[in-house]
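Asks: Mind having a look at this structure? Questions to follow.
The values are calculated or read from the model by the stated rules, or taken from the named source; none is laboratory data. Everything quoted here is computed from the prediction, not taken from an experiment. Positions of Cβ are generated from backbone atoms using ideal geometry, with glycine treated the same way; all protein chains shown enter the neighbour counts. For accessibility, only protein heavy atoms count, side chains too; no ligands or nucleic acids. Shrake-Rupley method; radii C 1.70, N 1.55, O 1.52, S 1.80 Å.
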Amino acid sequence: MSEQSDFLSNLSDFLYPRSCYYGQFKPEYLVFNANLQEFAQRVSYISNLQTNGKLSPQEAYHEIKTLWKQLKAAKKQLESSLMDDVSSV
C-alpha cells in the first residue's frame, strides 16, 4: 500500500510541481501564490493540448478564460476575508 502511495505522491509532484515562495510572508500571499501556480500549470497544459491539436483554439480560450475568472474570484475572496479580519480588530 505504501508503494502505491509513494507512486501517487511522486506522480502528483511531477504533474503539479510547486516552487518555493520567497516573497513577504503573509498567509494570504502564500495562498494566492499557490492559486497562481496552479493557474499557470493548468494554462500550460491547455496550451500544450491546443498546440498538439487535442483542443481547438476556441476551447483553449474558453478553458483559460474560466481559469482566469476562478483566479480573480479567489483573489477577491482573499481580499474580502482580509478586510473582514482588519475591520474586526
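Asks: Taking Phe7 as the residue in question, decide whether it is free of Cβ contacts under 8 Å to residues at least 40 places away in the same chain and in a helix (DSSP H, G or I). Step through it out loud before you land on a result.
Replies: Numbers: free of Cβ contacts under 8 Å to residues at least 40 places away in the same chain: yes; in a helix (DSSP H, G or I): yes.
Yes.
Asks: How many residues, within segment 1-20, are under 20 Å from Leu67 (Cβ atoms) and surrounded by 10 or more Cβ atoms within 10 Å (Cβ to Cβ)?
Replies: Summing the residues that are under 20 Å from Leu67 (Cβ atoms) and surrounded by 10 or more Cβ atoms within 10 Å (Cβ to Cβ) in segment 1-20 gives 3.
Asks: Does segment 36-78 hold any residues that are open to solvent by less than 50 Å² (accessible area, probe 1.4 Å), assigned to a helix (DSSP H, G or I) and touching a helix residue (DSSP H, G or I) at 6+ places or on another chain (Cβ under 6 Å), and which are they?
Replies: Phe39, Val43, Ile46, Ala60, Leu67, Leu71, Ala74, Leu78
Asks: Looking only at segment 12-35, which residues are assigned to a loop (DSSP other than H, G, I, E, B) and in contact (Cβ under 8 Å) with a residue 24 or more places away in the chain?
Replies: Result: Tyr16, Pro17.
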